[in-house]
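Engineer: One structure, pasted below without further comment.
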């Protein structure tokens, strides 16, 4: 049960909510909370052949975005969040179209 919350879509929604609040308010702590929540998901996605190292890059980019929020560069921070947003979007489209990444 806990794995579905930590690695699944609830973690993605919580991370995106924290990042949105951090970008809106400029609070660094919310950015780091979002990056910490997204880390298990990014590392799990790293195991898919399609995303090979993209998950690790997105994980580092999330923490860089939190640091950029701290520096007051919210516009650049949003741009740095794009790898994570692309991964989430691609997986959501695959889920909606019932496409499997691994063979059963």
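Engineer: Could you sort 59-66, 20-27, 46-53 so that the peptide with the highest average Cβ count within 10 Å comes first and the rest follow in order? Provide the component values of the computation, followed by the final result.
Structural biologist: Working: 59-66: 21.2, 20-27: 15.9, 46-53: 12.9.
Those peptides, ordered most packed to least, come out 59-66, 20-27, 46-53.
Engineer: Can I ask one more? Considering every Cα-Cα pair within the stretch 1-50, what fraction, in whole percent, is farther apart than 12 Å?
Structural biologist: 60
Engineer: Next question, about the same structure. Which of the peptides 92-102, 28-38, 7-17 is most tightly packed, and how do the rest follow, judged by the mean count of other Cβ atoms within 10 Å per residue?
Structural biologist: By packing density, highest mean first, the sequence is 28-38, 7-17, 92-102.
Engineer: Next question, about the same structure. Run a plain Debye calculation on the stretch 54-103 (Cα atoms as equal point scatterers, no solvent) and give log10 I(q)/I(0) at q = 0.16 Å⁻¹, rounded to two decimals, same order as the q list.
Structural biologist: After summing over all Cα pairs, the log10 values are -0.52.
Engineer: Just for the Cα atoms in the stretch 2-96, what are the lengths along the principal axes, largest first, rounded to whole Å?
Structural biologist: Rounded to whole Å, the extents work out to 35, 25, 20 Å.
Readers should treat all values here as calculations from the given coordinates under stated rules, not as data from a laboratory. Given the structure is predicted, the values throughout are model-derived calculations rather than measurements. Heads up, the Cβs are rebuilt from the backbone with ideal geometry, glycines too, and the neighbour counts pull from every protein chain shown.
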